[in-house]
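Let me begin by presenting the structure, written as structure tokens, before commenting on it.
The values are calculated or read from the model by the stated rules, or taken from the named source; none is laboratory data. Predicted, not measured: the structure shown is a model, and the values here were computed from it. Cβ placement follows ideal geometry from the backbone for every residue including glycine, while neighbour counts extend to all protein chains displayed. What goes into the accessible areas is simple: the full protein's heavy atoms, side chains included, and nothing from ligands, DNA or RNA. Shrake-Rupley method; radii C 1.70, N 1.55, O 1.52, S 1.80 Å.
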Amino acid sequence: MVIYPMTVIPLAVGQEQSIRLIDDAVLGERMIGLVTLRNEQERPPVITAGDYYEVGTAAMVHRLLRLPDNTLRVAVQGLEKIEIVEVLQTEPYIRARVRVLPDESSDDLETQALMRNLVSLAQQILQLLPNPSEELQTQLLNEDDPRQLVYLLAVSLLFRSTVAERQEVLALGSVHAK
């Protein structure tokens with residue numbers, strides 16, 4: 001799963017490394033880095049630095065529910081895009097030095113025109129779905145932040161895309177990127 005900035009997503013956490021990370025985050029500042037595994041089908045028992053993409057999202061853990069099977073359900077809010085600069089430790093979970101990758105955005109006439117076109121196309125796509133979300137349509141019409149619009153559409157419309165395609169959207173440096 002690819003987590004985008006400016007989104008709130010529920011996650012199921014079952015791997016021991018990840019459970020330990022969430023437990024420690026909840027006791028501290030609640031901030032974690034979320035990166036996506038390159039190959040979910042061949043999940044190794046212990047995840048190492050080469051198993052995930054370098055670009056991810058800094059996120060805040062908001063809610064935690066521990067299930068009887070010792071897995072967790074958490075709600076995380078993506079904050080900013082990050083890039084792993086250096087892995088500092090791998091046990092009991094991966095800790096890394098990261099840098100924030102700010103999205104380039106502007107509020108010029110071109111951006112406003114692109115946003116209107118994007119909203120129009122998204123509404124057309126939503127009408128093709130069997131049960132279009134009225135809430136999403138309302139959010140689209142009322143969104144005036146280019147970054148928020150891009151991530152809202154990525155979460156809403158790319159759910160059937162491959163992980164690599166969703167990761168490519170996350171790694172874009174500008175909301176104008178094609």
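Taking the solvent-accessible surface of protein heavy atoms with a 1.4 Å probe, what is the per residue accessible area of the chain in Å²?
Dividing the accessible area of the chain by its residue count gives 61 Å².
Once ligands and nucleic acids are excluded and a 1.4 Å probe is used, how much of Arg66 is accessible, expressed in Å² to the nearest 10?
110 Å²
Any idea what log10 I(q)/I(0) is at q = 0.21, 0.27, 0.32 Å⁻¹ for the stretch 1-41, Debye with uniform C-alpha scatterers and no solvent?
The calculated log intensity ratios at q = 0.21, 0.27, 0.32 Å⁻¹ are -0.82, -1.21, -1.30.
Where the accessible area of the stretch 25-178 is counted over protein heavy atoms with a 1.4 Å probe, how much of it, in %, is carbon and sulfur?
Carbon and sulfur together cover 53 percent of it.
Taking the chain as the reference, fit the longest principal axis to its C-alpha atoms, fit the long axis of helix 109-128 to the helix C-alpha atoms, and give the angle between the two in degrees, 0 to 90, nearest 10.
Once rounded, one gets 80 degrees.
Separation between the Glu29 and Val85 pseudo-spin-labels, each 7 Å from Cα along Cα→Cβ, expressed in nm?
Those two pseudo-labels are separated by 1.4 nm.
Could you tell me how far the Cα centroid of the stretch 128-178 sits from the Cα centroid of the stretch 72-102, in Å?
What the calculation gives is 22 Å, centre to centre.
What is the Cα coordinate range of the stretch 7-100 on the first, second and third principal axes, sorted by size from largest, in whole angstrom?
Answer, in whole Å and largest first: 35, 28, 22 Å.
What does the extension gain come out to for Val100 and Asp51, with contour length at 0.36 nm per residue minus their alpha carbon separation?
15.6 nm
Counting only the heavy atoms of the protein chains, how much of Leu101 is accessible to a 1.4 Å probe, in Å² to the nearest 10?
Roll a 1.4 Å probe over it and Leu101 shows about 30 Å².
Report Rg(Cα)/(2.2 N^0.38 Å) for the chain, keeping two decimals.
Relative to the rule-of-thumb radius for its length, the chain sits at 1.10.
Can you tell me the mean projection area, over all orientations, of the convex hull of the stretch 109-177's alpha carbons? Units nm², please.
So the Cα hull casts an average projection of 4.7 nm².
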